[in-house]
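Undergrad: One structure coming up, written as structure tokens, with questions to follow.
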Amino acid sequence: AYSAIFWFSLFHELGHIIKGHQKSEPYISYLQSSVRSKQESEADMYARDVLIPPASFDSFLCKRIFTRSSIADFSKEIQIHPGIVWGRLAKENFIKWEEAAPHRLKLKFAS
């Protein structure tokens, strides 16, 4: 229901296409595996890096300032919605999910 998850998922799937991944075995989403396939990891990295360029994110992280204004400025600089940055920071444990929650954009789909 969050925009960051939507965009990450979209670019993850595009990553599979761009990298030429083939489905070699059936995938059952309700089964959790402690070992992710190389293709899944590659698709994750593709999505992560398309949404937030690695060099920019590394520079941002080096400052260790995760305030509303610093995240807004960084988001504007890389031209991405701040909710995606908040989500990434929480996902990678730089901040707590509770800190990110008010800043993450929820999506509503018309039925």
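Undergrad: Any idea how many Lys pairs in the chain come in under 25 angstrom at the alpha carbon, given 8 or more places apart or on separate chains?
TA: Count of close lysine pairs: 15.
Undergrad: How big, in percent, is the set of alpha carbon pairs in the chain lying more than 17 Å apart?
TA: Values: 3644 of 6105 pairs.
Percentage above 17 Å: 60.
Undergrad: Please compute the net charge surrounding Ile5, taking Lys and Arg as +1 and Asp and Glu as -1 over other residues with Cβ under 12 Å from its Cβ. Present the calculation step by step, with values, prior to reporting the outcome.
TA: Numbers: positive: Arg88, Lys91, Arg104, Lys106; negative: none.
Net charge in that neighbourhood comes out at +4.
Undergrad: Where in the chain lies the longest segment free of chymotrypsin sites (Phe, Trp or Tyr not before Pro) that are both loop residues by DSSP (not H, G, I, E, B) and have at most 11 other Cβ atoms within 10 Å? Intermediate values should be presented prior to the final figure.
TA: Working: sites that count: Tyr27, Tyr30, Phe109.
Excluding the exposed sites themselves, the longest stretch runs over 31-108.
Undergrad: GNM on the chain, C-alpha springs below 10 Å: top fluctuator among Lys76, Lys38, Lys91?
TA: Its mean-square fluctuation being the largest, the pick is Lys38.
Undergrad: Carbon and sulfur together cover what percent of the accessible area of the chain at a 1.4 Å probe radius? Kindly include the intermediate steps, with their values, before the conclusion.
TA: Numbers: 4600 of 8100 Å².
Looking at the chain in its full context, I get 57 percent from C and S.
Undergrad: Another question, if that's okay. Could you provide, to the nearest whole Å², the per residue accessible area of the chain with probe 1.4 Å?
TA: Per residue, the chain has an accessible area of 73 Å².
Undergrad: Once the Cα atoms of helix 82-91 and of the chain are each reduced to a long axis, what angle between those two axes, in degrees from 0 to 90 to the nearest 10, is obtained?
TA: With rounding to tens, the tilt is 70 degrees.
Undergrad: So what are the ³J(HN,Hα) numbers for region 44-60, from phi and the Karplus equation (6.51, -1.76, 1.60; θ = phi - 60°), rounded to whole Hz, Gly and Pro as x?
TA: 4, 5, 4, 4, 4, 6, 6, 5, 9, x, x, 5, 5, 5, 4, 5, 5
Undergrad: Right, here's the next one. Loop only by DSSP, 16 or fewer other Cβ within 10 Å of the Cβ. Give me the GluC sites (Glu not before Pro) in region 38-111 that pass, ordered by residue number.
TA: Numbers: sites: Glu40, Glu42, Glu77, Glu92, Glu98, Glu99; in loops: Glu92.
Hits after loop and neighbour filter: Glu92.
Undergrad: Mind grabbing the accessible area of Asp49 for me, 1.4 Å probe, Å², rounded to tens?
TA: For Asp49, the solvent-accessible surface is approximately 50 Å².
The values are calculated or read from the model by the stated rules, or taken from the named source; none is laboratory data. Predicted, not measured: the structure shown is a model, and the values here were computed from it. Glycine also receives a Cβ, built like all others from the backbone with ideal geometry; neighbour counts cover every protein chain displayed. All accessible areas refer to the heavy atoms of the entire protein, side chains included, with ligands and DNA or RNA removed. Shrake-Rupley method; radii C 1.70, N 1.55, O 1.52, S 1.80 Å.
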